[in-house]
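The values are calculated or read from the model by the stated rules, or taken from the named source; none is laboratory data. The model shown is predicted, which means the values in this text are computed figures rather than measured ones. Cβ placement follows ideal geometry from the backbone for every residue including glycine, while neighbour counts extend to all protein chains displayed. Surface accessibility is based on the protein's heavy atoms, side chains included, excluding ligands, DNA and RNA. Shrake-Rupley method; radii C 1.70, N 1.55, O 1.52, S 1.80 Å.
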Amino acid sequence: MPRIRAANLAEHKVITRALILEKAQEQFASWGYEDTSFGDIAAAVGMGRTTLYDYFSDKDDLLASLVEERLPQIIETLINRIPDDATPLERLQHLVVLTLEFLATEPTLGRVLHREVPKLSETARRRVSAAHLTLAREFVETYRAGVDSGTLRSLPPGLAGRFLNDLIMSAAQALIDADEPQGDLPVVAGAVTDLLLNGLARDRVEKTFPMVRVKTGRELREV
């Protein structure tokens, strides 16, 4: 165990836990989550590997704890950067750009987390998802305000959030795959907000597409 860093054991554990999270974030940023071992983190802190299990059950638990500790404040700061007088449409644009900026510039909670979440345990994924709730709610409330004001189209329940999330995640992946994420940020953010707000058509096309009838075995079904 590292030297006592406080007047009593309880305070020492709080300080040590914070130090573990700090060193883990540094290791993840430098070497990536997958290539960082519990032993690497313990060595960076100055403790034995087995002692690390007194604080976290495994690496997934450690990453989820890091997200729970750091992400809510980051999201609050992100949201507070949006001008108070922004319209719902402007606010949505700000949310998209600032989210992509975070993913492009924050090496651990942005890029590493985006890559690793699908590989985490179900429990860790739920914890990470819960830590994102404030941002998710902000997107939902902004979209609803835009629909209420008549500046955003109303889509069937559940589709707007799904489409928006998938679009942002695709843009995020494009940044993560880039050699210079920060350099590509203006292009990717500009493209995704233009697609989000204007679609692919040069001029807006108002068209209702008919149901397609598809033969499946002996019967026809509508899709």
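Data table
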item	result
Accessible area, probe 1.4 Å, largest first, for residues ASP194, ASP179, ASP54	ASP179, ASP54, ASP194
Given 13 as the ceiling on other Cβ atoms within 10 Å, longest exposed-site-free region of the chain for GluC sites (Glu not before Pro) in DSSP loops	35-205
Mean shadow area of the range 9-127 over all directions, Cα convex hull, nm²	8.6
Reachable aspartates and glutamates, given that their alpha-carbon falls under 13 Å from the alpha-carbon of LYS119 and they are not under 8 places away in the same chain	GLU34, ASP60, ASP61
Computed helical MRE - 222 nm, the chain, DSSP H runs ≥ 4 contributing -39500 (n - 2.57), nearest 500	-21000 deg cm²/dmol
Span from the the range 56-95 Cα centroid across to the the range 133-149 one, whole angstrom	15
Label point distance in nm, ALA191-LEU89, each placed 7 Å from Cα along Cα→Cβ	2.4
ALA136 versus ARG17: modelled label distance in nm, points set 7 Å from Cα along the beta carbon direction	2.4
Nearest 10 degrees, 0 to 90: helix 181-198 Cα axis against the chain principal axis	30
ASN8-SER37 pseudo-label distance in nm [points 7 Å out on the Cα-to-Cβ vector]	3.8
